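Since the structure comes first, as structure tokens, the remarks are kept for the end.
The values are calculated or read from the model by the stated rules, or taken from the named source; none is laboratory data. As the structure is a prediction and not an experimental result, all values here were calculated from the model. Cβ sites come from the backbone with ideal geometry, for glycine too, and all protein chains shown count toward neighbours. To get the accessible areas, we keep the full protein, side chains included, count just its heavy atoms, and leave off ligands, DNA and RNA. Shrake-Rupley method; radii C 1.70, N 1.55, O 1.52, S 1.80 Å.
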Amino acid sequence: MNATSAEQASPPVTEDALRGVLLAGERPPRPGPVSTSLTFGWRALLKIKHVPEQLVDVTMFPIMFTLMFTYLFGGALAGSTQEYLQFLLPGILVQANVMITMNTGITLNTDIQKGVFDRFRSLPVWRPSPLVGALLGDLVRYSIGSAIVIMLGLVLGFRPEGGAVGVVLSVALLLVFSFCLSWLWTMLSLILRTPNSVAGVSMMVMFPLTFVSNIFVDPKTMPGWMQAVVEVNPITHLATVVRGLMDGSVPAGEIGWVLVSSVLLVAVFGPITMVLYRKKK
């Protein structure tokens with residue numbers, strides 16, 4: 001019996017039979033915003049698994065800056081490397097995390113150029129899920145960077161007077177601020193046309209913010225006009241909070257300032273990002 005005779009022998013498939021097969025089970029519910037965002041977050045983690053080079057900035061950058069500033073400049077700036085390490089390490093923790101956030105925009109822009117986000121926007125899911133998921137996945141990168149800085153500091157002799165609670169609270173606040181700051185780079189990834197341009201603009205923004213702050217030195221040693229610039233720098237307030245929590249104090253006013261600035265970052269750049277995302281061609 002050949003294929004033609006087999007097709008002739010089989011009964012025709014009616015519309016009612018086909019409908020019965022399709023409706024045999026319950027239709028799965030539409031995924032909610034939380035589940036879809038977590039799914040895209042898991043995708044971001046899988047990308048790290050397959051491209052571990054993404055962790056170079058998370059691992060090597062904070063180690064390099066900690067060792068370089070502690071042993072090259074510590075004696076000149078504070079009289080001893082150990083004393084300077086107590087001042088420097090919370091600042092390096094801040095710098096490492098806020099600098100790592102730039103990778104968010106670079107990665108998203110790469111996906112956009114490859115056409116991946118065109119497919120995401122066609123899916124029947126909550127529209128911001130791909131963006132929120134990418135930001136949630138990057139929280140793991142920030143946590144890895146924070147753990148590396150703290151462990152390196154402990155090996156070098158850093159001793160936080162605030163204990164484990166102060167360290168955990170400072171890292172938690174730092175993760176909140178980093179997540180909110182990432183919305184800025186997400187917006188840039190939708191405006192600029194290449195990953196290199198995103199990286200260039202991000203560096204132009206972050207280098208002045210991190211170096212013109214109290215991360216490396218006390219602003220009291222700076223000229224008056226620069227002190228005024230440093231005092232309004234959000235990175236300065238973030239470093240002050242992290243330093244205070246690790247030292248065992250609770251700078252309530254500074255914590256409030258950091259939380260308000262975090263909310264403002266999302267309130268300003270979040271809606272702009274979503275408008276650009278919907279209009280992206």
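For the reader, a short list of remarks on this structure follows.
- Checking region 168-186 against the condition returns no match, with no residue being surrounded by 13 or more Cβ atoms within 10 Å (Cβ to Cβ) and not in a helix (DSSP H, G or I).
- Qualifying positions in region 136-154 - open to solvent by 40 Å² or more (accessible area, probe 1.4 Å) and closer than 30 Å to M68 by Cβ: L139, V140, S143, I144, A147, M151, L154
- Of the set (1) in contact with a Gly (Cβ under 6 Å, 6 or more places away or on another chain); (2) surrounded by 16 or more Cβ atoms within 10 Å (Cβ to Cβ), all apply to G248 but (2).
- Among (1) surrounded by 18 or more Cβ atoms within 10 Å (Cβ to Cβ); (2) polar (S, T, N, Q); (3) within 15 Å of T110 (Cβ to Cβ) - the single one N196 does not satisfy: (1)
- Unique residue being modelled with pLDDT under 90, basic (K, R) and closer than 24 Å to P52 by Cβ when the list is R119, R127, R141: R141
- Selection within region 24-54 - open to solvent by less than 70 Å² (accessible area, probe 1.4 Å), at pLDDT below 80 and within 25 Å of M102 (Cβ to Cβ): V51, Q54
- Selection count where residues are within 14 Å of M187 (Cα to Cα) and small (G, A, S), scope region 247-281: 2
- Considered as a group, the residues in region 220-233 that are open to solvent by less than 40 Å² (accessible area, probe 1.4 Å) and modelled with pLDDT of 90 or more include one that is farthest from the chain's Cα centre (by Cα), and that residue is V230.
- Residues that are of a type in the set (A, V, I, L, M) and farther than 30 Å from M64 by Cα, drawn from region 99-135: I112, V116, L123, V125, L131, V132
- Residue match in region 203-215 (condition: out of contact with any Lys or Arg (no Cβ under 7 Å at 6 or more places or on another chain) and over 27 Å from D57 (Cα atoms)): no
- Checked against (1) surrounded by fewer than 22 Cβ atoms within 10 Å (Cβ to Cβ); (2) in contact with a Gly (Cβ under 6 Å, 6 or more places away or on another chain); (3) of a type outside the set (K, R); (4) touching a residue at least 12 places away in the same chain (Cβ under 8 Å), G74 meets all criteria but (2).
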